[in-house]
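Visitor: Mind having a look at this structure? Questions to follow.
The values are calculated or read from the model by the stated rules, or taken from the named source; none is laboratory data. No experiment lies behind these values; they were computed from the predicted model shown. Positions of Cβ are generated from backbone atoms using ideal geometry, with glycine treated the same way; all protein chains shown enter the neighbour counts. In case anyone asks, the SASA skips ligands and DNA or RNA and just uses the protein heavy atoms, side chains included. Shrake-Rupley method; radii C 1.70, N 1.55, O 1.52, S 1.80 Å.
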Amino acid sequence: MENYNMNLTLKVWRQKNSAEKGGFQTYQVKNVSSEMSFLEMIDVLNEDLINEGKDPIAFDHDCREGICGMCSMYINGRPHGPWQNNTVCQLHMRAYKDGDTIVVEPWRANAFPVIKDLMVDRSAFDRIIQAGGYISVNTGSPVDANAIPIEKDKADAAFAAAACIGCGACVAACKNSSAMLFLSAKASHLALLPQGAPERKSRALAMVAQMDKEGFGSCTNTGACEAVCPKGISIENIARLNREYMCAAAVSDKG
Amino acid sequence: MKWSEIFTSSVGKKWIIALTGLFLITFLIVHAGLNACIWVNDGGTMFNAGAHFMGSTVVIRIVEVGLMLGFVLHIVQGIMLEIQNRRTRKIGYAVAMGNKGSKWYSRSMGLLGTLILIFLVIHLSHFWIPNRSNQGWLLGEEINLYERMKITFQELWVVIVYVVGCISLAWHLLHGFQSAFRTIGVTNKKYLKMLNALGTGFSIIVPFVFALMPISFYLGWIK
Ligand code: HEM
Ligand code: SF4
Ligand code: FES
């Protein structure tokens, strides 16, 4: 595809800190190359802002190759921008044309408070993982890789669920700010494997309890999460988690 | 884990809504089936016989209490869910996501449910409440429900309210039918495909049959 340059109008959410009220600021960005990534375009804008003695736009990013899950921008009404199965860092400016107006907002959810500008605090996800998204193993010498036979279909489904990078786009897209796609991916990739079996029940209960405590909503199966997930995590995982949860809750004899 | 903890959790609440929702769906089948007797066009003899069976059989009257409980649980949990879910995002987006990734009716279950609830109150006050109160709320003399339908559905506004109620039900079920099975943990693709097709058919046919009833009386297709 041919390279072209464009001039853009950006409306970006600016907010000094979590306590202060934020608002949109409009910026004109000139001569943006279609070969830049979206984040590089913001980098260029930030250079300009710094040169003008202004505060650059704060945003999360790390790997810039679609694997870490740090980047998080809600662009023109869609988390991670217009492309399917894609993170913002892998969104390229060829998605836009000269004269476009682009509105950039942070993830919105009470459970993801804004730290600054486009950066939100996603440590609620860490606490959900800490509640049960792990397996307990004895340390020591590593076990032989293929010591436990695993059915291919299950291994594949577990692998697909394990692809979740914890970006939070699912929460950002959900009308209920539900974290169920994330949670169910994290619970599924363990529940599908024999190594995850011993803690299967306590895991489902603990992770859901933590999710509720963090202030995420209930899943109503609208499918918005699946549509924006950069890793194509299937909503089928949510159904699996629903089953895991009730199987564990119904037989639990505490209380 | 206590039952109270289970059924107030985000997932547990959905289980209640799904199970009661599926129960209400089975009720719709019975209700539509029995009411279809009006199209025999025999002046209500067959319909009234069916209605009499439903109103005077002790076992069915006990099941009716279960049905009311199902409605109450579904509505209470549904409204609680809607309120809690609406509170999870204090600051909204400037550019709404809209239909990018989800259907409008899947996002409007609370609204559609409320429309059904309003319809339900009107509907019960037309038939169920007068009939049961005539029976002294026990097993007393029933009113002629067929005649009552004939009179009620002479008014255009009533027919419109019923049709709007049925349309709301159709949209509610178009999402709810398949969603309920996801909520109770069906992951098997083969069955989900079947249930999706079944759900779409059900959501269109059953409300359509219901809507045809007041229309049939209004247009004088049945006497
Ligand atoms: C005959 C009447 C009704 C039937 C057959 C019905 C059926 C269903 C079904 C099958 C579901 C899906 C459950 C799930 O996703 O797990 C559902 C969800 C729901 N219903 Fe109903 N419902 C009826 C009436 C009502 C009424 C009167 C209200 C409330 C005022 C209501 C409010 C809701 C809400 C808020 C949900 C949750 C939305 C969601 O999870 O997507 N429903 N209903
Ligand atoms: S499920 Fe998808 S959208 Fe949600 S956190 Fe994981 S990778 Fe991001
Ligand atoms: S910066 Fe790592 S996924 Fe985008």
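Visitor: For residue A:215, state whether it is at positive phi, touching a residue at least 24 places away in the same chain (Cβ under 8 Å) and within 13 Å of another protein chain (Cβ to nearest Cβ).
Guide: When the stated conditions are applied, residue A:215 passes them.
Visitor: Inspect all residues belonging to segment A:23-33 and state whether any of them is within 14 Å of another protein chain (Cβ to nearest Cβ), under 30 Å from residue A:162 (Cβ atoms) and either within 16 Å of ligand 1 (Cβ to nearest atom) or not small (Gly, Ala, Ser) (or both).
Guide: No: zero hits.
Visitor: Output the residues belonging to segment A:119-136 that are within 16 Å of ligand 2 (Cβ to nearest atom) and open to solvent by less than 10 Å² (accessible area, probe 1.4 Å).
Guide: Result: A:120, A:124, A:125, A:128.
Residue-wise test of (1) within 16 Å of ligand 3 (Cβ to nearest atom); (2) open to solvent by less than 10 Å² (accessible area, probe 1.4 Å); (3) touching a His at 6+ places or on another chain (Cβ under 9 Å); (4) more than 10 Å from chain B (Cβ to nearest Cβ).
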position	(1), (2), (3), (4)
A:166	yes, no, no, yes
A:186	no, no, no, yes
A:199	no, no, no, yes
A:219	no, no, no, no
A:227	no, no, no, no
A:239	no, yes, no, no
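Visitor: Let me ask you something else. Could you list, in sequence order, all residues of segment B:31-75 that are of a type in the set (Val, Ile, Thr) and buried (at least 16 other Cβ atoms within 10 Å of the Cβ)?
Guide: Across segment B:31-75, the qualifying residues are B:38, B:75.
Visitor: Where the second residue is open to solvent by 60 Å² or more (accessible area, probe 1.4 Å) and among the basic types (Lys, Arg) and the first is at positive phi and lies in segment B:178-201, which pairs have Cβ atoms under 8 Å and are six or more apart or on separate chains?
Guide: Going by the 8 Å Cβ cut-off, the qualifying pairs are B:185/A:243.
Visitor: Conditions: (1) part of a helix (DSSP H, G or I); (2) in contact (Cβ under 8 Å) with a residue 60 or more places away in the chain. Residue B:121 meets all but one. Number of the miss?
Guide: Status for residue B:121: all satisfied but (2).
Visitor: Scan segment A:74-91 for residues that are in a loop (DSSP other than H, G, I, E, B) and more than 10 Å from ligand 3 (Cβ to nearest atom) and jot them down.
Guide: A:76, A:77, A:81, A:82, A:83, A:84, A:85
Visitor: Collect the residues in segment B:103-118 that are open to solvent by 40 Å² or more (accessible area, probe 1.4 Å) and either at the interface with chain A (Cβ under 9 Å from one of its Cβ atoms) or polar (S, T, N, Q) (or both), keeping them in residue-number order.
Guide: Result: B:103, B:107, B:109, B:114.
Visitor: How about segment A:56-90: which of its residues are within 15 Å of ligand 2 (Cβ to nearest atom), of a type in the set (Val, Ile, Thr) and out of contact with any Cys (no Cβ under 6 Å at 6 or more places or on another chain)?
Guide: Selection gives A:67, A:75.
Rundown of residues vs (1) within 14 Å of ligand 2 (Cβ to nearest atom); (2) under 11 Å from the mean Cα position of the chain (by Cα); (3) closer than 29 Å to residue B:173 by Cβ, yes/no style:
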| site | (1), (2), (3) |
| --- | --- |
| A:161 | yes, no, no |
| A:166 | yes, yes, no |
| A:175 | no, no, yes |
| A:180 | yes, no, yes |
| A:197 | no, no, no |
| A:209 | no, no, no |
| A:212 | no, no, yes |
| A:221 | no, no, yes |
| A:231 | yes, yes, no |
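Visitor: Just checking, does segment A:35-52 include any residue being modelled with pLDDT of 95 or more, within 14 Å of chain B (Cβ to nearest Cβ) and at negative phi?
Guide: No.
Visitor: Considering each residue of segment A:57-93, count those that are surrounded by fewer than 15 Cβ atoms within 10 Å (Cβ to Cβ) and either within 16 Å of ligand 1 (Cβ to nearest atom) or more than 14 Å from chain B (Cβ to nearest Cβ) (or both), and give that number.
Guide: 3
Visitor: Scan the helices (runs of 4 or more DSSP H) fully inside segment B:1-88 and keep the ones with 2 or more residues being over 16 Å from the mean Cα position of the chain (by Cα), under 30 Å from residue A:212 (Cβ atoms) and at the interface with another protein chain (Cβ under 9 Å from one of its Cβ atoms).
Guide: In segment B:1-88, B:3-8, B:10-35, B:58-86 are the helices (runs of 4 or more DSSP H) which contain 2 or more residues that are over 16 Å from the mean Cα position of the chain (by Cα), under 30 Å from residue A:212 (Cβ atoms) and at the interface with another protein chain (Cβ under 9 Å from one of its Cβ atoms).
Visitor: I need a count of the residues in segment B:167-181 that are more than 7 Å from ligand 1 (Cβ to nearest atom) and either among the β-branched types (Val, Ile, Thr) or at the interface with chain A (Cβ under 9 Å from one of its Cβ atoms) (or both).
Guide: Final tally of qualifying residues: 3.
Visitor: Looking at A:8, A:49, A:39, which one is more than 16 Å from ligand 2 (Cβ to nearest atom), assigned to a strand (DSSP E or B) and open to solvent by less than 80 Å² (accessible area, probe 1.4 Å)?
Guide: Among A:8, A:49, A:39, only A:8 is more than 16 Å from ligand 2 (Cβ to nearest atom), assigned to a strand (DSSP E or B) and open to solvent by less than 80 Å² (accessible area, probe 1.4 Å).
Visitor: Let me ask another. When residues of segment A:94-116 are filtered for being within 16 Å of ligand 3 (Cβ to nearest atom) and surrounded by fewer than 23 Cβ atoms within 10 Å (Cβ to Cβ), how many remain?
Guide: Residues flagged as within 16 Å of ligand 3 (Cβ to nearest atom) and surrounded by fewer than 23 Cβ atoms within 10 Å (Cβ to Cβ) within segment A:94-116 amount to 1.
Visitor: Please give the number of the condition residue B:172 fails out of (1) out of contact with any Phe, Trp or Tyr (no Cβ under 9 Å at 6 or more places or on another chain); (2) part of a helix (DSSP H, G or I).
Guide: The one condition residue B:172 does not meet is (1).
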